[in-house]
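Readers should treat all values here as calculations from the given coordinates under stated rules, not as data from a laboratory. Since we're looking at a predicted model, the values are computed, not measured. Quick reminder, even Gly has a Cβ in these numbers, built from the backbone with ideal geometry, and neighbours come from all protein chains shown.
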Amino acid sequence: MSSPTGPASGLPVRMPRPRQPGRHRRPEPLVAPEGAPALVLAVPGTPSSATRGLADEVISIARSELPGLDARIGHLDGDDDAEFPSLTAVLVRTAEERTARFEQARAAGLDVKEPEGPVAVVVPLLAGPDNALLRRIRQAVMDSKIAAELTDALGPHPLLAEALHVRLSEAGLARADRARLFTVATAADGIILASVGGEEAVQAAGITGMLLAARLAVPVIAAALDEEGSIASVAEQLRSSGSQQLALAPYLIGPEIEASVLEEAAKEAGCSTAEPLGPYPAIGKLALAKYTTALGLSPQQVQGTPVR
């Protein structure tokens, strides 16, 4: 039986681990700063339970990286209902709730001022720059008539090359670990990196594609899913250069297009396909990085107690 000062004699006593001094000291856990704008994830595509679940997972990852983060989801093609609210409606509600919090604080006698700057930072759930979707997201932000900052798409970025590698390995189309000298019977010797958003999106995907090619040691060429003949042309280019076993790697989060478009593209190229990036941990981390960069925050500044 334990005594008031510790466990009974003979039982091990767990002592707190001493803090390491100097440069070996562990950094303090970061939390969102007081009065920080909300992170609003702008989700394209037809709203559905699957899309909402994917966005929820991305938000959960961002919150785990920055406790206290006010993170919300707005659907580009949503409406004003509770399940799939539109991006404009979410931004308006975010501004209203922020104002109400500070009015309540002042009514309670606290000497507080509503912070200057944006009410929200809108982060598009897009791997690459799809100008058509970005224009619609920008218009939704303007329609809300609130101060909001809109960031770029998540890529290109080395973390997206890592995510693509994982999705290919999950489908048996690539080795999971470059350090292990084993082969995968179905491993591809040429990768079609499928993007949406036209030529600019293809060029941006190509940057991530070079990083993926370095990881896999096979050629990777980007192509446009929304440009007729682009996938077939790249497939022919890869085969003419010696690749025989091709794979389609979607440079997509998932909601941007219907699943049938990927299936048709894979059939057109005569190859297997990996899953879209989905809620891979890197997606949540990149969304948070876009948020903190838009606010000009360094890790040392992302501290304090959030206003609730």
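Between Thr46 and Asp77, residue separation times 0.36 nm minus the direct Cα-Cα distance comes to 10.5 nm. Can you list the residues, at least 5 places off or on another chain, whose amide H is less than 5 Å from the amide H of Asp77, using H built in the peptide plane? Counting only residues 5 or more places away or on other chains, the set is Gly45.
Think of the range 144-269 as having a plus end and a minus end, set by charges on the Cβ of Lys, Arg, Asp and Glu; of Leu252, Gly198, Ser240, Ser240 sits farthest toward the positive end of this dipole.
For Gln245 and Gln203, a Förster radius of 25 Å and the Cβ-Cβ distance give a FRET efficiency of 0.45, rounded to the nearest 0.05.
If you take every residue apart from Glu199 with its C-beta less than 13 Å away from the C-beta of Glu199, what net charge results, scoring Lys and Arg +1 and Asp and Glu -1?
With Lys, Arg at +1 and Asp, Glu at -1, the neighbours total -4.
If a spin label sat at a point 7 angstrom from the Cα of Ser64 along the line to its beta carbon, the backbone N atoms of the range 262-281 nearer than 18 Å would be those of 277-281.
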